[in-house]
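Take a look at the structure set out below.
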Amino acid sequence: MGNEIRALAGDYPGFDFLYTDIDELDITDPLKVDAFFRENQPRAVINCAAYTAVDKAESDEPTAYLINAKAVENLSKSAAGIDALMVHISTDYVFDGNSPVPYNETDLTNPQSAYGRSKLAGEEAVRNNAGKGIILRTSWLYSAFGNNFVKTMMRYGSERDELKVVFDQVGTPTYARDLAGTILDIIPSALQNSGTELFHYSNEGVASWYDFAKTIMALAGIECQIKPILTKNYPLPAPRPCFSVLNKSKIKEIYKIEIPYWCDSVKHCIQRLQYEV
Ligand SMILES: NC(=O)c1ccc[n+]([C@@H]2O[C@H](COP(=O)([O-])OP(=O)(O)OC[C@H]3O[C@@H](n4cnc5c(N)ncnc54)[C@H](OP(=O)(O)O)[C@@H]3O)[C@@H](O)[C@H]2O)c1
């Protein structure tokens, strides 16, 4: 996510960007976060850092909370101290997946995994500590950078004749570049906010992981058979919501944004991976 913001920065000449990773600023250290903010005086802070190892979090919940909740409290408090906007990314995994219709921001949360619980605690940390904040819940994030489903499928698909992918978890893939652009577009107006607003953001449309994998193979021109399987036949430590489609009406109405269809964005990402990155 952070790399996609960096990749888009050239399109926003009105902003000065300052990037940090754990080497420059460990966000679990409240004193360092506060000193860094006071020294650099950002007007907005975009927290792309997180503990995202969903399965590992089941056996390492304290570390997931440290990064996904306590560090978010540190950032939110220090952002409030310099009157900066706190932009935070959360997840569809705060829901249990039992809804028959896309989730609204006002729907009851009920995380089923340690990761989901730690991310929900992070949302609370923003709400309780940021002077002005935006929380964007997103789902199934992928990009041209780092490790993610698109890159993993392209790699495995080139090495194997057949892959088994679950078809009974339904959600929406989200291209981190699209989310990055939306964040940068809405910041000028969000700077005027007071309090914290919660939004849902994913690409448009709906898919299972099986559909997502089939689409990746077709768009990348990779000859690999994708076979649908049930989640119960691919057991993992952390339970995932079987349905986590997000309703994006609120962000579209308030900020007048158009969101790309998920297949179009996967195509864009694969083209970058094949020809640019
Ligand atoms: N990936 C998804 O499918 C998905 C879905 C929904 C929501 N989200 C949310 O979207 C956001 C971005 O996710 P992502 O996939 O871009 O995550 P990511 O690729 O795992 O990147 C997270 C980054 O946080 C850094 N980090 C970890 N601990 C840190 C610390 N103490 N101080 C400073 N940096 C630290 C990591 O550094 P190291 O690499 O050095 O550890 C890594 O660069 C997260 O909030 C995530 O919860 C993700």
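Taking the criterion of being out of contact with any Lys or Arg (no Cβ under 6 Å at 6 or more places or on another chain), assigned to a helix (DSSP H, G or I) and under 21 Å from Leu120 (Cβ atoms), would at least one residue in region 46-57 satisfy it?
From region 46-57, those out of contact with any Lys or Arg (no Cβ under 6 Å at 6 or more places or on another chain) are 46-57; that's our starting set.
Still in the running and assigned to a helix (DSSP H, G or I): 56-57.
Pick out the ones that are also under 21 Å from Leu120 (Cβ atoms) and you get 56-57.
Checked region 46-57: at least one residue is out of contact with any Lys or Arg (no Cβ under 6 Å at 6 or more places or on another chain), assigned to a helix (DSSP H, G or I) and under 21 Å from Leu120 (Cβ atoms).
If only residues of region 13-45 that are in a helix (DSSP H, G or I) and over 26 Å from Thr63 (Cα atoms) are counted, the one that is nearest to the chain's Cα centre (by Cα) is Asn40.
Residues checked against (1) among the aromatic types (Phe, Trp, Tyr); (2) modelled with pLDDT of 95 or more; (3) closer than 15 Å to Gly133 by Cβ:
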{"site": "Ile46", "(1), (2), (3)": "no, yes, yes"}
{"site": "Lys56", "(1), (2), (3)": "no, yes, no"}
{"site": "Ala84", "(1), (2), (3)": "no, yes, yes"}
{"site": "Val87", "(1), (2), (3)": "no, yes, yes"}
{"site": "Tyr93", "(1), (2), (3)": "yes, yes, no"}
{"site": "Asn98", "(1), (2), (3)": "no, yes, no"}
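Picking from residues in region 4-17 that are under 23 Å from Ser76 (Cβ atoms), within 14 Å of the ligand (Cβ to nearest atom) and of a type outside the set (Asp, Glu), the one that is surrounded by the fewest Cβ atoms within 10 Å (Cβ to Cβ) is Arg6.
Can you tell me which residue among Leu141, Leu120, Leu179, Leu136 is over 23 Å from Ala57 (Cα atoms) and in contact (Cβ under 8 Å) with a residue 24 or more places away in the chain?
Among Leu141, Leu120, Leu179, Leu136, only Leu179 is over 23 Å from Ala57 (Cα atoms) and in contact (Cβ under 8 Å) with a residue 24 or more places away in the chain.
One residue stands out in region 188-204 among those that are under 17 Å from the mean Cα position of the chain (by Cα) and of a type outside the set (D, E, K, R): the one that is farthest from Ser158 (Cα to Cα), namely Leu198.
Got at least one residue in region 91-105 being farther than 27 Å from Trp209 by Cβ, of a type outside the set (Asp, Glu), within 17 Å of the chain's Cα centre (by Cα) and not in a loop (DSSP other than H, G, I, E, B)?
Applying the first criterion (farther than 27 Å from Trp209 by Cβ) to region 91-105 yields none.
Taking every residue of region 91-105 in turn, none turns out to be farther than 27 Å from Trp209 by Cβ, of a type outside the set (Asp, Glu), within 17 Å of the chain's Cα centre (by Cα) and not in a loop (DSSP other than H, G, I, E, B).
When Ala64 is tested against (1) touching a Gly at 6+ places or on another chain (Cβ under 7 Å); (2) of a type outside the set (Ser, Thr, Tyr); (3) within 11 Å of the ligand (Cβ to nearest atom), exactly one condition is not met: (1). Taking every residue in region 187-216 that is at positive phi and pairing it with any residue that is assigned to a strand (DSSP E or B), at least 6 positions away or on another chain, the pairs with Cβ-Cβ distances below 9 Å are Gly195/Lys132; Gly195/Gly133; Gly205/Tyr261.
I'd like to verify a number: residues in region 106-147 that are part of a loop (DSSP other than H, G, I, E, B), near the ligand (Cβ under 9 Å from one of its atoms) and surrounded by 21 or more Cβ atoms within 10 Å (Cβ to Cβ), how many? Walk me through how you get there before you give the answer.
Taking region 106-147 and keeping what is part of a loop (DSSP other than H, G, I, E, B), we get 106-113, 130-131, 139-140, 143-147.
From the residues that got through so far, the ones that are near the ligand (Cβ under 9 Å from one of its atoms) too are 139-140, 143, 145-147.
From what's left, surrounded by 21 or more Cβ atoms within 10 Å (Cβ to Cβ): 139-140, 143.
Number of matching residues: 3.
With respect to being assigned to a helix (DSSP H, G or I), within 17 Å of Gly133 (Cα to Cα), away from the ligand (no atom under 15 Å from the Cβ) and out of contact with any strand residue (DSSP E or B) (no Cβ under 8 Å at 6 or more places or on another chain), Lys77 fits the description. Does Val72 meet the test of being over 18 Å from the mean Cα position of the chain (by Cα), assigned to a helix (DSSP H, G or I) and either within 12 Å of the ligand (Cβ to nearest atom) or hydrophobic (A, V, I, L, M, F, W, C) (or both)? It is false that Val72 is over 18 Å from the mean Cα position of the chain (by Cα), assigned to a helix (DSSP H, G or I) and either within 12 Å of the ligand (Cβ to nearest atom) or hydrophobic (A, V, I, L, M, F, W, C) (or both). Taking (1) in a loop (DSSP other than H, G, I, E, B); (2) under 29 Å from Leu120 (Cα atoms) in turn, Phe199 satisfies each apart from (1).
The values are calculated or read from the model by the stated rules, or taken from the named source; none is laboratory data. Here the structure is a predicted model, which means the values were calculated and not measured. Please note: Cβ atoms are built from the backbone with ideal geometry, for glycine as well, and neighbour counts cover all protein chains shown.
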